[in-house]
Amino acid sequence: KGPDPDIVTIEERMALVKHKILILSGKGGVGKSTFSSQLSFAIANKSQDIQVGLLDIDICGPSIPKIMGLEGEQIHTSSQGWDPVYVEDNLAVMSVGFLLEDEDEAVIWRGPKKNGLIKQFLKDVNWGELDYLIVDTPPGTSDEHLSIVQYLKTSSLDGAVIITSPQDVALIDVRKEINFCKKVGVPIIGVVENMSGFVCPKCNKESQIFLPTSGGAEAMAKEMEVPFLGKIPIDPLIARSCDEGKSYLTTHPDSEATKQYKLIFDK
Ligand code: ADP
């Protein structure tokens with residue numbers, strides 16, 4: 001039996017991608033998709049010469065089309081495969097959200113179908129040459145994670161960034177996430193604590209609204225011997241920028257959250 005032709009095609013596509021980064025979170029709603037989108041915008045905005053792809057495999061709750069300002073867009077096919085949707089010439093997006101008929105349609109698929117779709121995304125999306133492929137994954141560690149790791153591992157995955165909020169319940173799941181990465185051999189780029197404190201826009205003073213666990217992600221990262229990348233405060237304007245499909249770092253260049261995002265992205 002020869003090699004699986006699908007795997008050969010994935011390897012050929014992925015050979016054109018220099019860096020591949022998975023964005024993971026233990027729980028939903030901690031800001032994973034927000035982080036994936038802002039990271040993609042930030043890398044693409046650095047230089048027109050840097051080609052960025054954002055792949056959203058959050059099959060049950062794809063929010064990337066909206067955050068990237070691409071709601072209602074459809075995928076086009078060509079002889080080269082599925083063409084991603086472009087935000088800018090150097091920023092391409094593919095999401096299961098583009099395949100849904102309408103926004104409220106829920107995707108309830110069984111494991112094999114999800115795996116099939118992930119395989120198809122990796123095999124058929126015509127990214128061309130990319131400097132970075134950012135992969136926004138569903139929360140937790142499910143079949144989708146195993147599939148993506150299995151398909152990407154052979155073509156060298158840079159690693160995973162794990163997003164968490166400061167609460168204990170979220171941190172417990174981050175431990176599971178870290179253990180998953182260690183088990184399947186995915187390098188951990190680091191942990192990010194999102195929604196970490198609130199900076200008052202009037203007095204610029206920070207309040208720790210999740211006391212007493214705020215800062216817990218840093219201690220946990222240290223204990224589990226993985227890098228801690230930084231903390232992003234709560235800023236309602238982040239949610240607004242996402243709702244409007246805009247880059248928060250571009251629309252709010254001087255905010256505290258932008259400062260923290262930049263410190264993290266520079267690592
Ligand atoms: P996930 O992908 O982990 O499910 P999202 O990225 O969709 O989470 O974020 C959940 C909600 O929280 C969104 O409405 C988003 O705009 C908002 N959000 C994310 N990070 C922040 C933050 N640092 N400050 C304020 N709102 C945030």
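The values are calculated or read from the model by the stated rules, or taken from the named source; none is laboratory data. Here the structure is a predicted model, which is why all the values come from computation and not from measurement. Cβ atoms come from the backbone with ideal geometry, glycine included; neighbour counts cover every protein chain shown.
Tabulated data for the structure shown
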| read-out | value |
| --- | --- |
| Condition met for PHE35 (within 16 Å of the ligand (Cβ to nearest atom), among the aromatic types (Phe, Trp, Tyr) and either on the phi > 0 side of the Ramachandran plot or in contact with a Ser or Thr (Cβ under 7 Å, 6 or more places away or on another chain) (or both)) | no |
| Selected residue (only one of SER247, SER255, SER241 is within 11 Å of the ligand (Cβ to nearest atom) and touching a residue at least 12 places away in the same chain (Cβ under 8 Å)) | SER255 |
| Qualifying strands (runs of 3 or more DSSP E) (wholly inside the stretch 1-104; at least 2 residues being free of Cβ contacts under 8 Å to residues at least 24 places away in the same chain) | 76-78, 85-88 |
| Residue match in the stretch 160-180 (condition: within 28 Å of LEU130 (Cβ to Cβ) and exposed (fewer than 15 other Cβ atoms within 10 Å of the Cβ)) | no |
| Residue among PRO84, PRO65 that alone is within 14 Å of the chain's Cα centre (by Cα) and modelled with pLDDT of 90 or more | PRO65 |
| Positions within the stretch 15-56 being under 19 Å from ASN126 (Cβ atoms) and more than 9 Å from the chain's Cα centre (by Cα), in sequence order | ALA15, LEU16, VAL17, LYS18, HIS19, LYS20, ALA44, ILE50, GLN51, VAL52, GLY53 |
| One residue from VAL96, VAL8 being modelled with pLDDT under 90, of a type in the set (A, V, I, L, M, F, W, C) and surrounded by fewer than 21 Cβ atoms within 10 Å (Cβ to Cβ) | VAL8 |
| Condition check for SER156: hydroxyl-bearing (Ser, Thr, Tyr) and either surrounded by fewer than 17 Cβ atoms within 10 Å (Cβ to Cβ) or part of a loop (DSSP other than H, G, I, E, B) (or both) | yes |
| Test result for LYS205, of a type in the set (D, E, K, R), away from the ligand (no atom under 16 Å from the Cβ) and out of contact with any strand residue (DSSP E or B) (no Cβ under 7 Å at 6 or more places or on another chain) | yes |
| Qualifying residue in the stretch 172-190 (condition: at pLDDT 95 or above, assigned to a strand (DSSP E or B), in contact with an Asp or Glu (Cβ under 8 Å, 6 or more places away or on another chain) and within 16 Å of ILE23 (Cβ to Cβ)) | yes |
| Flag if ALA170 is touching a residue at least 12 places away in the same chain (Cβ under 8 Å), of a type in the set (Gly, Ala, Ser) and within 16 Å of the ligand (Cβ to nearest atom) | yes |
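Yes or no, residue by residue, for (1) under 27 Å from PHE198 (Cβ atoms); (2) among the hydrophobic types (A, V, I, L, M, F, W, C); (3) within 17 Å of the chain's Cα centre (by Cα):
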{"position": "PRO138", "(1), (2), (3)": "no, no, yes"}
{"position": "SER156", "(1), (2), (3)": "no, no, no"}
{"position": "LEU171", "(1), (2), (3)": "yes, yes, no"}
{"position": "LYS176", "(1), (2), (3)": "no, no, no"}
